[in-house]
Amino acid sequence: MLYVNIVGQYMKLDASNDSVYWRAETLYLFGSYRNPMTFNSDYFYHGNYTSMTCYSAVSGLPAWSVSWPAFSDAISYQDPAFNDSLIFFSSPTSVWDHGSLYCKNKKTGAPKWQVPIDSGDVDINFNGIPLVNGDKVITLTRNQNNEKHLTAFSIRNGAWLWSTPVGDGTASKFWLVDDRIYSAYGPEALCFDASNGKLLWETDMNTPVAAWTYNFFDADKLIAVKVLNNTNYKILQIQKSNGAIISTKDLTIPTTYAPQTQMIAPLGCSYDDDNLYLASFNDIDSLDIFSYDMTGMSQKWKKRFANSYFTGEPPILTDKYLVFPINDQYNAHDPAHSNMIFLDHSGKLVKKVPFNSTYVDGFVYKEDGIIYPQPPRF
């Protein structure tokens, strides 16, 4: 199944026979671009800077919605977290109000509790992304001095449990792996004990300011892929146990866009089993998909899609495929030529699935009960 977020609508598509199950309208469309479709049970969740809506994955119809006051420059809603029947999500700080962490029933939207996560200046944008560990929901918070903390609240009633200071450059996205919390989106890679918030290690990655960063995890490694500009990447492998840097490697992906221009050439990055998969525009109507061996940073294969209007959405990596949308007629912008492309891990084209819509704001692929979302970048 493919769940595709096109402009103003969602679509559920059976990729095995190209049939459309349903189309449904998007609530609170404005400012929702690149916000993830997060699935849980028979529902999915999507939002923008002023709201979050729960939709039925069976019908596409809204189940419930919640909104808050915010200006259009507020940091938008991102991912929720779940625990049994509960959903946790945050609202942003805007000039109207400070951000909050919400706990609601995930199917009905019935409120359980709400706590503030910010008491700093309202003219400095802030938002957090929660994660759940046992009886705790953990997210980034900010105090009245605009200092950031990683803070845990009780799932039961929202009571404060512990708080650990973090640097101002720490991003709101954290990862929970084996009762440890990791982040390598900012200038430092960080690791915390999820039970008490204790900082276990902090590693200066000694890299220039990145346009965005991807985090991936292997058995014993944290991998940070930093996109420095239109052509240059820096890839770090960090020991999960102690933060020691295993390797730092540079990679150049050719493009006709100058490095000084707007960051539009790099598109997506995924990782699996010591292989790095990158998507980047070669030029305005030509997309390259690469596979690199992480050990020697040697190119294993490259697949070019020329003379295509690419919708601008990064590929999804599954255990079988790389999946991404293109339109075969760049100048026509004709929905009749839109396809979801399925490549196997060797770069071979497996199939094209037509979905009849030129513009895509995001998509999710589901196979054998497993949900494959697009990889988050910060």
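Give the stretch 1-40 a look and list any residue that's in a loop (DSSP other than H, G, I, E, B), free of Cβ contacts under 8 Å to residues at least 60 places away in the same chain, open to solvent by 40 Å² or more (accessible area, probe 1.4 Å) and at negative phi, or say none.
SER16, ASN17, LEU27, LEU29, PHE30
Which residue is nearest to VAL7 (Cα to Cα), if the candidates are limited to the stretch 342-353 and must be modelled with pLDDT of 95 or more, part of a strand (DSSP E or B) and open to solvent by less than 50 Å² (accessible area, probe 1.4 Å)?
It comes out as PHE342.
Where residues in the stretch 87-99 are crowded, with 18+ Cβ neighbours inside 10 Å and farther than 16 Å from PHE39 by Cβ, which of them is farthest from the chain's Cα centre (by Cα)?
Looking at the filtered set, the residue picked out is SER94.
Give the stretch 306-329 a look and list any residue that's surrounded by 15 or more Cβ atoms within 10 Å (Cβ to Cβ), over 21 Å from PRO375 (Cα atoms) and not acidic (Asp, Glu), or say none.
Selection gives SER308, TYR309, ASN327, GLN329.
Please specify each residue of the stretch 169-208 satisfying the condition of being in contact with a Pro (Cβ under 8 Å, 6 or more places away or on another chain) and either of a type in the set (D, E, K, R) or open to solvent by 20 Å² or more (accessible area, probe 1.4 Å) (or both).
GLY169, LYS173, ASP204, THR207 - these are the residues of the stretch 169-208 that are in contact with a Pro (Cβ under 8 Å, 6 or more places away or on another chain) and either of a type in the set (D, E, K, R) or open to solvent by 20 Å² or more (accessible area, probe 1.4 Å) (or both).
Here are some residues: ASP84, ASP73, ASP79. Which one is on the phi > 0 side of the Ramachandran plot and under 23 Å from the mean Cα position of the chain (by Cα)?
ASP84
Quick test for you: out of THR295, THR358, pick the one residue that is out of contact with any His (no Cβ under 6 Å at 6 or more places or on another chain), touching a residue at least 12 places away in the same chain (Cβ under 8 Å) and not in a strand (DSSP E or B).
Being out of contact with any His (no Cβ under 6 Å at 6 or more places or on another chain), touching a residue at least 12 places away in the same chain (Cβ under 8 Å) and not in a strand (DSSP E or B) holds for just one of THR295, THR358, which is THR295.
Answer yes or no as to whether VAL58 is more than 20 Å from ILE129 (Cα to Cα) and either touching a strand residue (DSSP E or B) at 6+ places or on another chain (Cβ under 7 Å) or at pLDDT 90 or above (or both).
Criteria met by VAL58.
Give the residue, chosen from ASN339, ASN356, that is under 26 Å from TYR214 (Cβ atoms), over 22 Å from the mean Cα position of the chain (by Cα) and surrounded by 15 or more Cβ atoms within 10 Å (Cβ to Cβ).
Among ASN339, ASN356, only ASN339 is under 26 Å from TYR214 (Cβ atoms), over 22 Å from the mean Cα position of the chain (by Cα) and surrounded by 15 or more Cβ atoms within 10 Å (Cβ to Cβ).
Looking at the stretch 115-137 only, could you name the residues that are surrounded by fewer than 15 Cβ atoms within 10 Å (Cβ to Cβ) and charged (D, E, K, R)?
Across the stretch 115-137, the qualifying residues are ASP123, ASP135.
The values are calculated or read from the model by the stated rules, or taken from the named source; none is laboratory data. Keep in mind that this is a model prediction, so the values were computed, not measured. In this analysis, Cβ positions are derived from the backbone assuming ideal geometry, glycine residues included, and neighbour counts consider all displayed protein chains. Please note that ligands, DNA and RNA were not included when accessible areas were found on the heavy atoms of the full protein model with its side chains. Shrake-Rupley method; radii C 1.70, N 1.55, O 1.52, S 1.80 Å.
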